[in-house]
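This report refers to the structure that appears directly beneath it.
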Amino acid sequence: MVGVQVKGADPVAIAFKRGLSKYVLENPVDSVAEGIVASESYNSIFATKALRESKGFTISVTDEEIRRSLRVALENGMIIEPTSAAALAAIDHVRDDHNSRDETIVCMLTGSGIKTMSEVSKILS
């Protein structure tokens, strides 16, 4: 299991990496993936526990990576929202940073970009 958050707005990732169950960020960054920007997560305790039990890890991605993933998705016929594109952006990190080149990776893209077309088109222009 891999938890994906925006770099600079990633309290679950920070908590997990520091061996904590919860962490509160003072000033999280703004992001095109506004759906996952947070100073804290009330589910952090459950998320960090699930990541540890599954021997998972966290990845924090940048807005540049999210924008690139939005473009790749669109080029492949998928209209997804920026928050969902964060998961797609994490795939290269999983492959490169966690020696997963020979493993099957399943990426859940649950947010449709249809409802956010005006925001997505602004991001991509």
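The values are calculated or read from the model by the stated rules, or taken from the named source; none is laboratory data. As the structure is a prediction and not an experimental result, all values here were calculated from the model. All Cβ positions, glycine included, derive from the backbone under ideal geometry; neighbour counts span all protein chains shown.
Screening residue 67 against (1) modelled with pLDDT under 95; (2) closer than 22 Å to residue 12 by Cβ; (3) not aromatic (Phe, Trp, Tyr) leaves a single unmet condition, (2). Being within 15 Å of the chain's Cα centre (by Cα) and under 27 Å from residue 95 (Cβ atoms) is the requirement here; does residue 38 meet it? Spelling it out, residue 38 is indeed within 15 Å of the chain's Cα centre (by Cα) and under 27 Å from residue 95 (Cβ atoms).
Residue by residue, here is whether (1) among the small types (Gly, Ala, Ser); (2) closer than 17 Å to residue 14 by Cα; (3) touching a residue at least 60 places away in the same chain (Cβ under 8 Å) holds:
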| position | (1), (2), (3) |
| --- | --- |
| 48 | no, yes, no |
| 57 | no, yes, no |
| 81 | no, no, no |
| 85 | yes, no, no |
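When we screen 32, 94 for residues that are closer than 14 Å to residue 8 by Cβ, of a type in the set (A, V, I, L, M) and either in contact (Cβ under 8 Å) with a residue 60 or more places away in the chain or touching a Leu at 6+ places or on another chain (Cβ under 7 Å) (or both), the only hit is 32. Name the single residue that is surrounded by the most Cβ atoms within 10 Å (Cβ to Cβ) among those in the stretch 99-122 being under 16 Å from the mean Cα position of the chain (by Cα) and in contact (Cβ under 8 Å) with a residue 12 or more places away in the chain. Filtering the stretch 99-122 for residues that are under 16 Å from the mean Cα position of the chain (by Cα) and in contact (Cβ under 8 Å) with a residue 12 or more places away in the chain, the one surrounded by the most Cβ atoms within 10 Å (Cβ to Cβ) comes out as 113.
Just one of (1) among the aliphatic types (A, V, I, L, M); (2) touching a Gly at 6+ places or on another chain (Cβ under 9 Å); (3) at pLDDT 95 or above fails for residue 80. It is (3).
Checked against (1) surrounded by 14 or more Cβ atoms within 10 Å (Cβ to Cβ); (2) at positive phi, residue 33 passes all but a single condition, namely (2).
Restricting attention to the stretch 53-85 and to residues that are touching a helix residue (DSSP H, G or I) at 6+ places or on another chain (Cβ under 8 Å) and within 16 Å of residue 16 (Cβ to Cβ), the residue that is surrounded by the fewest Cβ atoms within 10 Å (Cβ to Cβ) turns out to be 56. I'm trying to understand the selection: among the residues of the stretch 8-20, which are surrounded by fewer than 15 Cβ atoms within 10 Å (Cβ to Cβ) and in contact (Cβ under 8 Å) with a residue 24 or more places away in the chain? Matches in the stretch 8-20: 17, 20. Looking across the stretch 5-44 at every residue that is of a type in the set (Val, Ile, Thr) and at pLDDT below 95, the one that is farthest from residue 82 (Cα to Cα) is identified as 37.
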